[in-house]
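Just below is one structure, and these are the notes that go with it.
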Amino acid sequence: MDPKTSDRLLYDPSRINAHVNLVGLSGRENGRFAAELQRQVIQPNVTAIVDRFHEALSQLDEFHIVISSSSTTVDLKDVHRRYLLTLAAGYERQEYFDDRLRIGLAHQRAGVSLRLYQCTYRVLQSLLMEYIPESIRAEQKQYDAFVEFILKITALDMSLAIEAYHDDEVSHLEHTVESVRDEEQVLRRQVITDSLTSLSSRVFSFRSITTALRDARDESRPLCLIMADLDHFKPINDTLGHRVGDDVLCGVASRLLAGARKSDTVGRYGGDEFLLILRDTDIKESTVIAERIRLKVSEHPLHVGESTVNVTLSLGIALARDTDDIDSFINRADQALYSAKQNGRDCVWVEDTELR
């Protein structure tokens, strides 16, 4: 058995024995019939059986859809010949089960429908019965038992083929579900994460603000929003190029995360603007965090490739009010940021109060 085959198709001796018993193939008598099937029916007539089997299949439109060329038919005849010469031979062994499962899997992956596969077994059963020799037919009880054996051994093979079909379909569905889940996770990451800085995206940040405002109002807890903007970022892009500018944004994002708390949401608002959502945090504590972030950004130059870039950050803070919606909350934080810019940059401004 292919090592990649699902564990569902692995047969140990106890499972093989249970399957054989289920089909009714246990006992010495069935072992004798297996040998006689090969010796008296299949081996002397294998070419005729294969030819007539394919003649019957050629009447089926679905067979022609699967078999597209004469060379394919020749190859398939050879496969069926080898299959017949192993039918019932050692059917209680691991190798027999593995081989039958492989055959079913190969047909499924070749596009043979389970409906067509089952119909072909009915054709095969009829042909095998037709070639039962007169020496067996002469005694009615022996003939009936032999026919019963043919039905049982083909039922065993068919059941293993069906199991292989089923397992491959289940594996395909599991793979599909896993792929969809992976795609969903990728899409979720794209929605919640800014692709450049790996901070929270604008969309996710806005959702977080909406949720935080509701929770703060319901629980009567303080909530602050910090809007931050790099000072003089446009000259960096203009003189050093957008590639360096992107690297600067990523470096600043790392410093923002280093200065914020784990419980804070740090997002990219757009361009060189950032926002931080500080839950259960009042103005006093928010200014301490904002000042720490300002220093984190400006205390050391950023080394980007061969360039050394000095950056500073202006920050504005707003405290949530019960009447706030997301727009009013962001606008007040943005106005505080504008005040910081108007009053010299590289500073923290709380609504209408400057903090250096």
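Throughout, read-outs are computed from the coordinates displayed, never taken from laboratory work. These numbers come from a predicted model, not from an experiment. Reconstructed Cβ throughout: ideal geometry from the backbone, glycine too, with neighbour counts over all protein chains shown.
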To check you understand DSSP bridge types, tell me what percent of the beta bridges within the chain (both residues inside) are antiparallel, rounded to 5.
85 percent
Take each of the peptides 297-309, 40-52, average the number of other beta-carbon atoms within 10 Å over its residues, and list them starting from the highest.
40-52, 297-309
Using each residue's phi in the range 139-146, evaluate 6.51 cos²θ - 1.76 cosθ + 1.60 at θ = phi - 60° and report the 3J(HN,Hα) Karplus result to the nearest Hz, with x for Gly and Pro.
10, 4, 5, 5, 4, 4, 5, 5
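I need the shape label for the range 260-324. Rule: rounded when a/c is under 1.5, else prolate if a/b > b/c, else oblate, with a, b, c from the alpha carbon gyration tensor.
In terms of gyration-tensor shape, prolate.
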Search the structure for amide H atoms under 5 Å from the amide H of Thr86, placed 1.01 Å from N in the peptide plane, and list their residues when 5 or more places away or on another chain.
none
Surrounding charge for Arg221, neighbours by C-beta under 14 angstrom, Lys/Arg +1, Asp/Glu -1, total -4
Stokes-Einstein, Kirkwood over Cα pairs, the range 202-355, 10 °C, 1.306 mPa s; D in µm²/s equals 102 µm²/s
What label, among [x] -0.85, -1.04, -1.22; [y] -0.70, -1.02, -1.41; [z] -0.75, -0.96, -1.20, belongs to log10 I(q)/I(0) by the Debye sum over Cα atoms at q = 0.11, 0.13, 0.15 Å⁻¹ computed from the structure on display?
[z]
Subtract the Cα-Cα distance of Asp218 and Arg93 from 0.36 nm times their separation in residues, and report this length gain in nm to one decimal.
38.1 nm
With runs of 4+ DSSP H residues as the only contributors, calculate the mean residue ellipticity of the chain at 222 nm using -39,500 (n - 2.57) per run, divided by the residue total and rounded to the nearest 500.
-21000 deg cm²/dmol
Karplus (6.51, -1.76, 1.60) ³J(HN,Hα), θ = phi - 60°, over the range 45-55, in Hz, Gly and Pro reported as x:
10, 4, 5, 5, 5, 5, 4, 5, 4, 6, 4
With 0.36 nm assigned to each residue of separation and the Cα-Cα distance removed, Asn310 to Asp61 gains 82.1 nm
Simple Cβ-charge dipole of the chain, Lys/Arg +1 and Asp/Glu -1, about Cα centre, in debye nearest 20
440 debye
Can you compute the FRET efficiency between Thr47 and Arg15 using 1/(1 + (r/R0)^6), with r the Cβ-Cβ distance and R0 = 41 Å? Round to the nearest 0.05.
0.70
In nanometres, the difference between 0.36 nm per residue of separation and the alpha-carbon distance of Gln140 and Ser298 is 46.8 nm
